[in-house]
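Structure, as C-alpha cells:
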Amino acid sequence: MTEPTTASNLGAETTSGRAKATSGDPDVASGYAEVNGLRMYHEIHGTGEPLVLLHGALSATQTSFGLLLPELAKTRRVIAVEQQAHGRTADVDRPLSYHQMAADTAAVLDQLGVANADFMGYSMGAGIVLELALRRPELVRKMVLISVAYSAAGFHPGILDGIEQMTPEALAGTPFEAEYQETAPNPDDWPNLIRKVQQLDSDVPEIPAETVASVQAPALVVLGDSDVIRPEHAVEIFRLFGGGVAGDIVGLPSSQLAILPGTTHITIVNRADLLLPMVVPFLDAPVPSAE
C-alpha cells in the first residue's frame, strides 16, 4: 500500500480501442484505454449495477476471477481492469505502485462514465481498492477485500522475505506464467514483471490505523484461514471498519468479515462455492443511510 494522502482527483483523459476479450465471448465488450502513458486493457461482462474486479499480482483477470466472473456477470455489469505489466496491459518505464495503479484504474472508470461502483479486489487488487476508497471515496460504493493488508505487520513472518527470493524458474509451469505467456503483449517481459512485483512488496508502506478507519464504504473483508496474511490482521481491519461489536445489542455493522476454512492465499479465489453466497448478498444489500 502507498502512503495515503487526502482525497484527490486520480482521473486523466483517456481514449479507447477495441480488443479481444479474455472469455472469447463476442458479447463481451473489451478495449484499451490510453491512460497515464499506458494502453490499459479492460473488459465488460453483463449488465446491471457496476462491479469492478481488480486482479492480484503476477496474474490477470482469468487466473484471479475465472470462476467468479461468469456468475457475477449474471446480475452485474462486471468491469475487469488489467493493471500495468499484467495481462494484456503492456509494461512502461516506471515502477509499480498502489497510488499509480489506483490512478490508472480511476482514469479508466472516468472514461467509461462510471461515477460510483462496487469493487472486488484480490491481494494486490484489494490494496488498489483500499487506495481508491481513501483517495476517491465518491467512486467506491462497497468493496470486497480479499487477502488485503495495510502494513507489513499484516503478513506472517518471513513471507515478504520469501517474495524477495522469487525467480522466474520458481514460477515455471504455474498458472501465472501460463496466463502471462498467453495474454501479455510482450511475453519475454515476464522476468521484469517479477522484479517489479518484488520491488512493490519490498517496501510495504504503513497506512495509519486511523486512516484506514476513515474509509466510509462498507467492506466485506475476506481471508483464507491459511493465507499469507495473518488472521489477526483481518480481524483488525474489520474492527477499523466498525466491526467486532455485539450485534445483538448495538446492531450489525455495515462491514462484514469472512475467514474461509481450509483455504490458502492462492486457492482463495477458487472458492466460488463459499465466496458467491457471501459476496452477492453483501453487494446487493442497500448501503445503510447513516453511512
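The values are calculated or read from the model by the stated rules, or taken from the named source; none is laboratory data. Remember, it's a predicted structure, so these values are computed and weren't measured experimentally. Cβ sites come from the backbone with ideal geometry, for glycine too, and all protein chains shown count toward neighbours. Surface areas here come from the heavy atoms of the whole protein model, side chains and all, with no ligands, DNA or RNA. Shrake-Rupley method; radii C 1.70, N 1.55, O 1.52, S 1.80 Å.
Quick look at the values:
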read-out	value
Shape of the range 97-155, Cα gyration tensor, a/c cut at 1.5	prolate
Alpha-carbon centroids, the range 230-291 and the range 175-214: separation in whole Å	25 Å
For the chain, convex hull volume per residue from C-alpha positions, Å³	125 Å³
Nearest-0.05 FRET efficiency for Ser214 and Glu49, computed from C-beta distance (R0 22 Å)	0.30
Mean residue ellipticity (222 nm) of the chain, computed from DSSP H runs ≥ 4 via -39,500 (n - 2.57), nearest 500	-9000 deg cm²/dmol
Nearest-0.05 FRET efficiency for Asp248 and Ala285, computed from C-beta distance (R0 25 Å)	0.85
Extended-chain gain in nm, criterion 0.36 nm per residue less alpha-carbon gap, Thr75 and Ala153	24.3 nm
Mean accessible surface per residue for the chain, computed with a 1.4 Å probe while every protein chain stays in place, in Å²	42 Å²
Calculated from backbone phi, Karplus (6.51, -1.76, 1.60) coupling profile of the range 180-195 in Hz, x at Gly/Pro	4, 4, 7, 10, 5, x, 10, x, 6, 7, 3, x, 5, 4, 4, 5
Kirkwood-Stokes translational diffusion coefficient of the range 152-291, alpha-carbon pairs, 20 °C, 1.002 mPa s, µm²/s	121 µm²/s
Whole-percent carbon and sulfur share, accessible surface of the chain, 1.4 Å	53 percent
